[in-house]
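Worksheet for the structure shown next.
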């Protein structure tokens, strides 16, 4: 007789299971392609741009959000669904669906780490090459705003894509669901924010899961920093991430406890509060930079 | 108390009654479950495996109630191995990876001990050399053995096997019988199969299920004995035989009905007895040649 395992807490085995899921995601071809493309594009920006300084640093987080976040969505949705093929066997093991979902949620730290690595490389590039004095960046705006924007629109967006994939895998069952959700999230983020961004009510754009804070360099060489409080926006997207994770766990009927219900409601309430504060505090209006001579279009 | 005790168990899917007042109990050893398609075998197995709940009746697994608290169900599942009839696999997982995944779900949290256990069960089913191969690239029989390996993790006290020999070649089936015969000394095995040879080779006890009810529950030899004097070898097919077929020798194996002229009685097999037990249902199990 072999000895039987001994750890009997409700979330026992979460660490090993999360490690397995993290390894699976890190080896997933869709995710790998996304990560490679993100860094290739960053490299192209650095090496092919012949300007003396790094431009549009605050816009660059769109690259990991697009390549890593969206591929994480697809990869995590597929990973989540893939083990359901063996549900007859795994459902009769002591480990519950909630535990499997939690492990997948923890594995979303992999895209977060990839997004963080991307931002780290961006910061190194900005340090090496420098940025224009007029650029919206460290020194021209409060550090906490810069960090909030970089973190919210980079690593957190990457993690959010993965979590949305887990949510999709648990709740949306039709073939191609991940692709549909991917298109929907891109459309919502663009259509729901861009028409508002340059208007008087720019802060209303912040309801979307990925909202611009930086316009990129305009044809006259100026840059626009959009209204709103990036720190509270970071809080808002973190709450969206938490809500995605908790609602994915809610799919397991045995996990539908009063505690989980309270946690979901609390996250929603805090998220809405953060959104309200993101819209009503911070920069009241869009701010336009001085023209950056090196970036004025001919 | 037996490891598994079911009393008056009933389960319906809509208007279809899959199980109707089933009483069954068994302990260590292999209990064979025979029955035609739609007899309720898989439903019964899934209930014993805690995969689904019965609508009515009392169930005790290892002295615990599978309809009880979460803790009660979890305690049962720690001692349970289940091989479902059909099992899909994540396409990216190797044989080792898949069994390890289930091992983690079965709370083998220590990495070193878990890996030892995964290798043990893979060796037990003869897949030690193929552990690093993706499950998607294994043959049907090899995949079946991966499924069996996950069921054997941790030496469960109750082992529920739904068609374990499907897709296995004769030598693999012989290997599986050898493995199960070793395991059966330590746990209660419920084996559902269409292969009467497997039951004859492995089980000391057999349960015949048809239309959701138990038609027979007893020793294999007792089931075979019910067919004594009702099976013949003949030059002609039986005119009113339950089933008859032409064998390789050119003679007809006649089961049930009246013996054709010149027929010689022959030793019944478990399959003959099973067919006779099913009566008219047997025609859907064994089509005459």
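The values are calculated or read from the model by the stated rules, or taken from the named source; none is laboratory data. Quick caveat: nothing in here was measured; it's all calculated off a predicted structure. Every residue, glycine as well, gets a Cβ built from its backbone with ideal geometry; the counts of neighbours run over all protein chains shown.
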Open item on the list: I'm checking my understanding of the structure. Among residues of the stretch B:63-78 that are more than 23 Å from the chain's Cα centre (by Cα) and within 10 Å of chain A (Cβ to nearest Cβ), which one is nearest to residue A:257 (Cα to Cα)?
Closed with: B:70
Open item on the list: For the stretch B:157-165, check the following and say yes or no: at least one residue is away from chain A (no Cβ under 14 Å), under 27 Å from residue B:105 (Cα atoms) and either under 10 Å from the mean Cα position of the chain (by Cα) or surrounded by fewer than 22 Cβ atoms within 10 Å (Cβ to Cβ) (or both).
Closed with: yes
Task: the stretch B:108-123, residues that are more than 21 Å from residue B:176 (Cα to Cα) and crowded, with 24+ Cβ neighbours inside 10 Å - done: B:108
TODO: Look at residue B:60 and say whether it is surrounded by fewer than 22 Cβ atoms within 10 Å (Cβ to Cβ), farther than 17 Å from residue B:152 by Cβ and either without any contact (Cβ under 8 Å) to a residue 12 or more places away in the chain or facing chain A (nearest Cβ under 9 Å) (or both).
DONE: no
- [ ] Take residue B:105 and decide whether it is within 16 Å of residue B:183 (Cβ to Cβ), buried (at least 24 other Cβ atoms within 10 Å of the Cβ) and facing another protein chain (nearest Cβ under 10 Å).
- [x] no
TODO: Any chance you could count how many residues in the stretch B:79-99 are closer than 26 Å to residue B:187 by Cβ, in a loop (DSSP other than H, G, I, E, B) and either under 18 Å from the mean Cα position of the chain (by Cα) or more than 7 Å from chain A (Cβ to nearest Cβ) (or both)?
DONE: 5
Task: Matching residues in the stretch B:203-224 - criterion: being farther than 17 Å from residue B:190 by Cα and without any contact (Cβ under 8 Å) to a residue 40 or more places away in the chain - done: B:221, B:222
TODO: Within the stretch A:118-170, track down each residue that is in contact (Cβ under 8 Å) with a residue 40 or more places away in the chain, farther than 21 Å from residue A:46 by Cα and out of contact with any helix residue (DSSP H, G or I) (no Cβ under 7 Å at 6 or more places or on another chain).
DONE: A:140, A:141
Open item on the list: Please verify whether residue B:116 is farther than 21 Å from residue A:25 by Cα, more than 8 Å from chain A (Cβ to nearest Cβ) and not in a loop (DSSP other than H, G, I, E, B), treating the condition exactly as stated.
Closed with: yes
Task: One residue from B:32, B:8, B:38 being within 21 Å of residue B:164 (Cα to Cα) and at pLDDT 95 or above - done: B:32
Task: helices (runs of 4 or more DSSP H) wholly inside the stretch A:57-159 containing at least 2 residues that are within 13 Å of the chain's Cα centre (by Cα) - done: A:70-82, A:109-129, A:143-153
Open item on the list: Please pick out the residue among B:187, B:203 that is modelled with pLDDT of 90 or more, within 14 Å of chain A (Cβ to nearest Cβ) and over 26 Å from residue B:93 (Cβ atoms).
Closed with: B:187
